[in-house]
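Taking it in order: structure first as structure tokens, then the write-up.
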Amino acid sequence: MTFRPKYITFDCYGTLTYFPMHQVAYDLYEGQLPPERMQVFLKDFADYRFDEVMGDWKPYEQVLNSALKRACKRHGLAFKDEHARKVYDAVPTWGPHADVPHALTRVGKKIPLVILSNAMNEQIHSNVEKLKAPFHKIYTAQDAGAYKPRLRAFEYMLDQLGCAPEDVLHVSANPRYDIFPAQNLGIVNKVFVNRGHEPRPNDAWSFAEIRDINGLPGLVGL
């Protein structure tokens, strides 16, 4: 695959920014569940977050609050609003995966870089600043009025960029949030960053695969 897009669009959290949300939740409830049950709790917390973003847009703090409350209820843990707020407040403090700044800067000198993130505007800019790379545009679910994987979020980005689905290369480590809906919208050029924290999509979804962002320049002929 060698494709020179008009824009390279990215998921941020987990793909570019290290995303230890599971660790924050683990630290909050450490010792309250057996180890094997704790892993199920953390997975449930992630799945409830996915479920919470499927409806109408609401602030991400509410997404986290409801998802954590549901996971706690399922596992018999005492939920506190301040626990959810602690998770929310941790997000802007997270920096990039080590492979990201240099490779992104290299690509960004030739092709405009864009982020589409399930974030609030008050969160995302702190994370992007830590990426140390030149971004053309940053769009959030708050801007779009919809979270990924809803197609409305991707449509908002494309409308703002004034381009067609086939004009972009979308890059993500999150198949459910990005690879699947991007294909459904007609974004044929996709890159799965296989960081090992999400199952690899079936090949029928049509994507290139890289281990980290160091593999991206070669895909676009740089």
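We did not get these values from a lab; they are worked out from the coordinates using the rules stated. From a predicted model like this one, the values you see are computed outputs, not experimental measurements. Glycine gets a Cβ as well: all are built from the backbone with ideal geometry, and neighbour counts include every protein chain shown.
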Checklist entry - P(r) of segment 119-201 in 10 Å steps, Cα pairs, percent per bin? => result 17, 47, 35, 1
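Roughly what % of DSSP beta bridges within the chain run antiparallel, to the nearest 5?
Percentage antiparallel, nearest 5: 5.
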Checklist entry - Given 0.36 nm per residue, what is the gain on full extension from residue 3 to residue 129 after removing their alpha carbon distance, in nm? => result 42.6 nm
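Take every Cα pair under 8 Å in the chain that's 6+ residues apart, average their separations, divide by the length, and report that relative contact order as a whole percent. Write down the numbers at each step before the final one.
Numbers: 359 pairs, mean separation 59.2, N = 222.
For the chain, the relative contact order is 27 percent.
Please give the FRET efficiency for residue 209 paired with residue 80, using the beta carbon to beta carbon distance and R0 = 35 Å, rounded to the nearest 0.05. Mind showing how you got there, number by number?
Working: r = 40 Å, r/R0 = 1.16.
After rounding to 0.05, the efficiency reads 0.30.
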Checklist entry - So which lysines can residue 190 reach, going by Cα to Cα under 29 Å and dropping same-chain residues fewer than 8 places off? => result 6, 43, 58, 109, 110, 130, 132, 137, 148
Next on the checklist: Report the Cα-based extents of segment 21-92 along its three principal axes, largest first, to the nearest Å.
Outcome noted: 35, 22, 18
Checklist entry - Rounded to the nearest 20 Debye, what is the dipole magnitude of segment 129-188 about its Cα centre when Lys and Arg each give +1 and Asp and Glu each give -1 at the C-beta? => result 280 debye
Next on the checklist: Test of understanding: ordering 136, 83 by Cβ neighbours within 10 Å, fewest first, what list do you get?
Outcome noted: 136, 83
Next on the checklist: Given the options 60, 38, 90, identify the residue whose Cα lies farthest towards the positive end of the charge dipole of segment 21-92 (+1 on Cβ of Lys, Arg; -1 on Cβ of Asp, Glu).
Outcome noted: 38
Next on the checklist: So if I take the centroid of the Cα atoms in segment 93-125 and the same for segment 41-73, what is the distance between those two points in Å?
Outcome noted: 24 Å
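Need the full-extension length gain, residue 160 to residue 66, defined as separation in residues times 0.36 nm minus the C-alpha distance. One decimal, nm.
On the way: separation 94, 0.36 × 94 = 33.84 nm, distance 3.05 nm.
Net length gain for the segment: 30.8 nm.
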Checklist outcome for this item: Placing +1 on each Lys and Arg Cβ and -1 on each Asp and Glu Cβ in the chain, then taking the dipole about the Cα centre, the residue among 21, 136, 183 whose Cα reaches farthest towards the positive end is 136
